[in-house]
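Enquirer: Before anything else, here's the structure in question.
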Amino acid sequence: MQTLAAVVIGAGQAGLSAAYHLQRRGLVPERDYIVLDANAGPGGAWRHRWPSLTFDAAHALHDLPGLPLGRPDPKEPASAVVGRYYGAYERRFGLPVHRPVRVRAVEAAGGGLLRVGGAGSEWLARSVVNGTGTWDRPYWPWYPGLETFRGRQLHTHDFRSATEFSGRRVLVVGGGTSGLQFLLQLDAAGARTLWSTRRPPQFTDVPFDAAWGTDVERRVNERTRAGLPPLSVVTSTGLPLTAAYRAGIESGVLVSRGRLGRLTAGGVVFADGSAEPVDVILWATGFRAALDHLAPLRLREPGGGIRMAADGVGVPKRPGLFLVGYGASASTIGATRAGRAAALAAVRFLAGHDGAEAAPAGPPAVPAGV
């Protein structure tokens with residue numbers, strides 16, 4: 001069984017950023033570190049986004065280190081743009097991505113090592129950078145009568161196109177930006193929409209600038225350092241009051257009916273007692289961190305979260321394990337920074353346990369002919 005200095009789990013934005021910086025700090029691909037990715041090809045969670053999500057409608061994508069994205073066609077599907085970009089990035093820097101490899105478990109192996117197990121394969125690692133994100137863990141809430149509803153139910157995870165719902169009465173549940181995008185797309189495609197949120201929509205015209213981002217990260221980090229689960233993205237950020245969303249509010253499409261009370265065979269009853277017939281329920285209710293493979297390490301605190309170190313990536317309960325894409329780094333810009341922070345922390349950890357100095361920083365090797 002091969003023993004590596006580092007194993008990176010996940011080849012999304014955070015994982016690729018971590019791999020780049022590990023290589024930049026002197027770790028040799030395949031000999032010293034590898035990247036394990038569950039997907040069949042590059043793109044991370046983006047490769048699974050619905051085809052109608054064009055690049056201009058998606059959340060901004062932050063550049064990976066060392067290779068700017070450039071200016072892609074804004075009307076091209078975001079999944080195609082990001083898949084192409086991540087694939088070019090992997091090739092450009094010769095990153096040792098193994099796929100498809102779904103990690104089933106990470107567990108202590110003695111001597112400070114971690115055993116990383118996939119289907120039929122195992123590796124021993126002195127450090128692990130985990131960047132598995134959230135896409136594999138869609139959150140489905142429970143309401144009374146859920147099992148009696150006879151219409152169709154689907155989650156953001158399974159949405160493909162608004163056109164298949166033309167003429168149907170569709171309830172969108174969830175107060176995040178994906179819910180807003182679904183409502184506008186469904187309305188344009190001829191669906192009759194309703195919107196339900198647990199609390200009034202948190203629209204804000206506060207500029208989403210660097211100062212705003214720093215404040216959001218500070219508040220999220222306060223929770224994760226206390227071992228509490230991260231809150232939903234919209235709870236931390238609010239909803240940007242764009243021109244499109246203003247128009248949706250004025251037209252009545254983006255006006256919430258409030259909390260759900262229960263479901264019936266043919267519709268729903270809201271908390272205020274009003275009832276509506278519904279053909280389809282689209283649960284835009286977000287995702288949870290995909291960390292089930294870390295369960296053998298017993299990282300969870302009584303509050304349900306994982307206590308994070310002050311650097312935002314280290315896990316005090318398990319030295320040598322670093323989480324990226326969790327808490328404040330569950331965003332495109334946060335993931336890139338967290339990847340770098342995790343790589344640097346891993347190199348320091350390895351140097352301290354080897355009694356050796358980390359290799360001097362230098363640019364990653366670029367394969368000939370690239």
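Each reported figure results from applying straightforward, stated rules to the coordinates on display, with no laboratory input. No experiment lies behind these values; they were computed from the predicted model shown. So basically every Cβ, Gly included, is an ideal-geometry build from the backbone, and we count neighbours across all protein chains shown.
Enquirer: Using Cβ counts within 10 Å as a stand-in for footprinting exposure, how do Ser274, Ser121, Ser17, Ser178 rank, fewest first?
Expert: Going from sparsest to densest Cβ surroundings: Ser274, Ser121, Ser178, Ser17.
Enquirer: Mind pulling the angle between the C-alpha long axis of helix 177-188 and the longest principal axis of the chain? Nearest 10 degrees, somewhere in 0 to 90.
Expert: 40
Enquirer: Over the Cα atoms of segment 17-122, what Rg and Dmax result, in angstrom?
Expert: 16.1, 52
Enquirer: Quick one: what do you get for segment 98-182 if you divide its Cα Rg by 2.2 N^0.38 Å? Present the calculation step by step, with values, prior to reporting the outcome.
Expert: Details: Rg = 19.9 Å, N = 85, 2.2 N^0.38 = 11.9 Å.
For segment 98-182, the normalised Cα radius of gyration comes out at 1.68.
Enquirer: Relative contact order of segment 1-98: what whole-number percent is it, with Cα pairs under 8 angstrom and at least 6 residues apart?
Expert: Values: 127 pairs, mean separation 34.6, N = 98.
Answer for segment 1-98 is 35 percent.
Enquirer: Using 0.36 nm per residue of separation minus the Cα-Cα distance, give me the extension gain between Ser274 and Arg150 in nm, one decimal. Mind dumping the intermediate values first?
Expert: Working: separation 124, 0.36 × 124 = 44.64 nm, distance 1.92 nm.
Fully extending the segment from Ser274 to Arg150 adds 42.7 nm.
Enquirer: Looking at the chain as a GNM with Cα springs under 10 Å, which of Pro201, Pro302, Pro42 has the largest mean-square fluctuation?
Expert: Highest fluctuation of the listed residues: Pro302.
Enquirer: From the C-alpha gyration tensor of the chain, pull out the three semi-axes of the equivalent ellipsoid (sqrt of 5λ each), sorted largest to smallest, in whole Å. Working shown, then result.
Expert: On the way: eigenvalues 305, 100, 73 Å².
So the three semi-axes of the chain are 39, 22, 19 Å.
Enquirer: Using only the alpha-carbon atoms, how far is helix 13-24 inclined from the longest principal axis of the chain? Give it as 0 to 90 degrees, nearest 10.
Expert: Once rounded, one gets 10 degrees.
Enquirer: Considering only Gly12, Gly94, Gly314, give the residue with the highest GNM mean-square fluctuation for the chain, with springs between Cα atoms whenever their separation is below 10 Å.
Expert: Evaluated over the chain, the most mobile residue of the options is Gly94.
Enquirer: Leu69 to Arg102: FRET efficiency via 1/(1 + (r/R0)^6), r the Cβ-Cβ distance, R0 25 Å, to the nearest 0.05?
Expert: Numbers: r = 27 Å, r/R0 = 1.10.
According to the calculation, E is roughly 0.35.
Enquirer: Using 1/(1 + (r/R0)^6) with R0 = 30 angstrom and r between the beta carbons of Gln202 and Tyr143, what's the FRET efficiency to the nearest 0.05? Numbers along the way, then the final one.
Expert: On the way: r = 22 Å, r/R0 = 0.72.
Step by step, r from the Cβ atoms, then E = 0.90.
Enquirer: Moving on. How far apart, in nanometres, would the label points at Ala310 and Ala40 be if each is projected 7 angstrom from Cα along the Cα-to-Cβ direction?
Expert: Between Ala310 and Ala40, the simple spin-label model gives 4.7 nm.
Enquirer: Shifting gears a bit: Fully extended, how many nm does the chain gain between Arg262 and Thr3 (0.36 nm per residue separation, minus their Cα-Cα distance)? Before the final figure, lay out each step's value.
Expert: On the way: separation 259, 0.36 × 259 = 93.24 nm, distance 5.28 nm.
Using 0.36 nm per residue and subtracting the Cα-Cα distance, I get 88.0 nm.
Enquirer: With everything on Cα atoms, drop me the angle between helix 332-354 and the longest principal axis of the chain, reported from 0 to 90° to the nearest 10.
Expert: 30
Enquirer: Determine the gain in length on full extension of the stretch Ala243-Glu122; use 0.36 nm per residue of separation and subtract their C-alpha separation, reporting nm with one decimal. Please list the in-between numbers first.
Expert: On the way: separation 121, 0.36 × 121 = 43.56 nm, distance 5.10 nm.
Stretched out fully, the Ala243 to Glu122 stretch lengthens by 38.5 nm.
Enquirer: Counting other C-beta atoms within 10 Å, which of His21, His293 has the fewest, and how do the rest follow? Can you show the working numbers first?
Expert: Details: His21 23, His293 19.
Starting with the residue having the fewest Cβ neighbours, the order is His293, His21.
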